Structures are given as C-alpha cells and as structure tokens.
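The values are calculated or read from the model by the stated rules, or taken from the named source; none is laboratory data. Because the structure is a prediction, the values reported are computed rather than measured. Glycine gets a Cβ as well: all are built from the backbone with ideal geometry, and neighbour counts include every protein chain shown.
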Amino acid sequence: MKLPKNFFNLVRVILAISLAGVVAGINLPLSTLTLKSWGISSSIIGLAASMMGLSAAVTTPFLPRMVNQFGQITVLRISLVTLPLAILALPLFQNLYAWFLFRFIIGLAATIIWVLSEIWINSFAEDKNRGRIIAIYTSLLSLGFIIGVLIMSFTSVETFGGFYVSATLAIVIAFPLWSMKDIGDFETPKNVSFSEYLFSSPILMGSSWMMGFLYAASAGLLPIFALPYVNDDYSAASRTVAWLASGELMLPLLIGWLADKYDKRKLMILLTSTAILVLFLIPVFFHLPAMRILLLFLLGGVTMGFYVLGLTMLGEQFKGQILVSANASFIFFLSIGEVLGPPVIGRAMDLFGNSAFGWAMGIISLLFLSVFYFTRTLISRRH
C-alpha cells in the first residue's frame, strides 16, 4: 500500500501533539482542583484558566513576523524549552498571582508549538484526505488528553506530583519535533489584519471562537461543576473530564469523514444545534451516571467537531505561504473564546449556582447559531 505524501512528517507532528494532549490533560483539571482546594472562587479559577487563552491571543498577531525573522525551528525550540520550565514553576511558587503569570507563559509556549504543528499538518495534507487527517490528529490529541486526565486522577493535589509528571512529558514532546525543517518563509502581508479574515471568512473564524469558548469553559470548570455529584471526591471529579475527552477522541473521526463528503456549513448548524441541546440537558440529568457519560461524550465530540470543520475549511480556503496568517487568525479567534469562556461561565456559576455551567453555555451557543444563520444568509444573498 502506498503511503500518503509526507507520511513520516505527519506522524512525527501528530505524535508530538498527542503527547501535548497528555500534558494538557494533567494540567487543566489539576490546576482547577488545586485552586479550588485553596478556597478560590469559580470566577477567579475561570480567570486563571483564561490566562492560556489570553497568551495565545497576544502571541498570534506577532507569530508570522516572529517566525520569519528568527526561523520556524528556532522559535519552536525556544518554546519546547520554555514549556516544561514554566510547568515546573507552578509547584515551586504556590501563589495565585504567580500562577496567573506562569499559566500565561505555558499558554505562550503551547500556542507556538500548536500553531506551527497545525501549519505543518495542513501543509503536508492534501485536499482529498485533509478532513480525515485532521480528524485523526484531533482524535489522537484527545486520546492524549484522556490519558493525562487518568494520570492526574491517581496523583494528589497536595503533593503536586502531577505537575512533575507533566513537565517530564513536556520534555519528551521535543524529541519528535526538534529536528523538523522549515517549510519556507511565511507571507505576512501588511494590509491583511485579523479583522479582515473575520469579515472575509466569518463562518470559519466563528467556528474557531465557538470551539475555544466551549472547550476552555467545559474543560476548565467541569471538575468544579461535578464535585457535588461525586461527593466532593477530587479524583472522581477530575475523571469526568475523561468522558468529555472521549467524545473529542471518537466523534471527530466521523465528523472529518462527513466534512470530506458533505456541506461543511450544514454540518456546522448540526453541531451547534446538538451542543445547545446537550448543554441544556446537562444540569437536568447529570445526577444519572449513564446520562452523565452520554452528555459529556456528546459535548466533547461537538466541541472538537468545530475545530475539525474549521481546520478543514482553513486548509481548503488558504494555500501556500498565506496559510500561516490565516492559521494565526484562526488561533487568535479561538484564543478569544478561551479567554472569555472560563471567566464568563465561572461568574455565572457564582451568581446563579452550579447549574449555570450548562445553561449559560447553552445560551451562548444559541446566540452563536443565530449569528451564524444570519451571516450565512447574508453571504448567500451577496453571491
């Protein structure tokens, strides 16, 4: 059987990002539950969780020029060294404000690694199999996240052992990526801004924002929402994130296959409608273990589905050197969603109670669907 073009490069990049998923799977619930054990409110925990999204939003506007000036590999290697050092700093500085800073730095390094990896994946993939390759990438990323959550559930919040495991794995990420080669200079047109990408590709950038909002809010605050349902068992609360990630692992494979064959905009409407239904049902049925698993599985799947559809549309719409600017814009709007999601939903939980975790995200999803439908109708009339 003939292997796809650039097969081994794809394997190296996807392997590294899968390991990054393990690191994220340990860090996200562990950081949330550690801050909860310190008596920090959901609003502040949400704000701390948004630091990684904020760093991504700050980084992406400058990334194309940074990479052109210093080279892809140099920027990548600096990030690969910075990531484990910043994770190690968390248990060494047990202070809320220090954690804000170090989580910002973690997000900075992780963003650069992720953006460059996704640019390489989209560059190595071909249009005929792009949706499936991206689905495999997101599914293995989610598998890594599940493994990370399971590792975290066997560590103690008090000992910080999970952070040391996470930092060690962050070092391992460097091995498959360290010897990657540049794919050429990135075009950085002076007259193209992120706002222009938003107006030229509103559905694409909107899907990115939606994924960032839902992913950061659900992964960051789910352990807090779950605590009352598992008798305040921190390990059991962290494992609920694994059910979320299991949907992110399995459903994107189906969504990627559908994206290669059917209208992606209709798929976007289907995903958003499913997300709205699931989010409104979560507070009602979360006390039932079987329904809890099903709803979290579906929520994780549709959340990652936004990402699969968005990246697939990105690779089809933008080619060559301009891809990095488009990918940076895609990550920028995703980051804005990540910045807003945890503090907005965390504040809603503080004001209106634990059940706001579900219905507040459901209302945001409903607003997105309304804007999406309006934008789609407007674009159709223009054409």
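Among the listed residues 175, 225, 199, which satisfies the condition of being of a type in the set (A, V, I, L, M, F, W, C), at pLDDT 85 or above and surrounded by fewer than 17 Cβ atoms within 10 Å (Cβ to Cβ)?
175
So which of 277, 214 ends up being at pLDDT 85 or above, out of contact with any Cys (no Cβ under 6 Å at 6 or more places or on another chain) and surrounded by fewer than 23 Cβ atoms within 10 Å (Cβ to Cβ)? It would help to see each step written out before you state the result.
Working: 214 fails: surrounded by fewer than 23 Cβ atoms within 10 Å (Cβ to Cβ).
Only one candidate qualifies: 277.
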Worksheet item: (1) touching a residue at least 24 places away in the same chain (Cβ under 8 Å); (2) under 21 Å from residue 145 (Cα atoms): which one isn't true of residue 72, the others all being true?
Response: (2)
Fill in: Residues that are within 15 Å of the chain's Cα centre (by Cα), closer than 17 Å to residue 314 by Cα and of a type in the set (Gly, Ala, Ser), drawn from the range 129-146
135
Practice prompt. Could you grab the pairs with beta carbons closer than 8 Å, sequence gap of 6+ or different chains, first residue in the range 223-240 and more than 21 Å from residue 342 (Cβ to Cβ), second one of a type outside the set (A, V, I, L, M)?
Written response: 235/153; 235/154; 236/153
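Results for (1) of a type outside the set (A, V, I, L, M, F, W, C); (2) modelled with pLDDT of 85 or more, shown as yes or no for each residue.
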{"position": "90", "(1), (2)": "no, yes"}
{"position": "101", "(1), (2)": "no, yes"}
{"position": "110", "(1), (2)": "no, yes"}
{"position": "129", "(1), (2)": "yes, no"}
{"position": "132", "(1), (2)": "yes, no"}
{"position": "141", "(1), (2)": "no, no"}
Item to complete: Among residues belonging to the range 280-337 that are buried (at least 23 other Cβ atoms within 10 Å of the Cβ), aromatic (Phe, Trp, Tyr) and under 15 Å from residue 251 (Cα atoms), point out the one that is farthest from the chain's Cα centre (by Cα).
Response: 306
Item to complete: Could you identify the single residue in 370, 380, 329 that is assigned to a helix (DSSP H, G or I), modelled with pLDDT under 90, among the hydroxyl-bearing types (Ser, Thr, Tyr) and touching a helix residue (DSSP H, G or I) at 6+ places or on another chain (Cβ under 8 Å)?
Response: 329
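Here is a yes/no grid of residues against (1) farther than 21 Å from residue 209 by Cβ; (2) buried (at least 20 other Cβ atoms within 10 Å of the Cβ):
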| position | (1), (2) |
| --- | --- |
| 61 | no, no |
| 65 | yes, no |
| 72 | yes, yes |
| 79 | yes, yes |
| 86 | yes, yes |
| 94 | yes, no |
| 99 | yes, yes |
| 119 | no, yes |
| 128 | yes, no |
Worksheet item: On the given criteria, is residue 365 at pLDDT below 80 and either polar (S, T, N, Q) or part of a loop (DSSP other than H, G, I, E, B) (or both)?
Response: no
Item to complete: Could you pull out the residue among 115, 22 that is at pLDDT below 85 and part of a helix (DSSP H, G or I)?
Response: 115
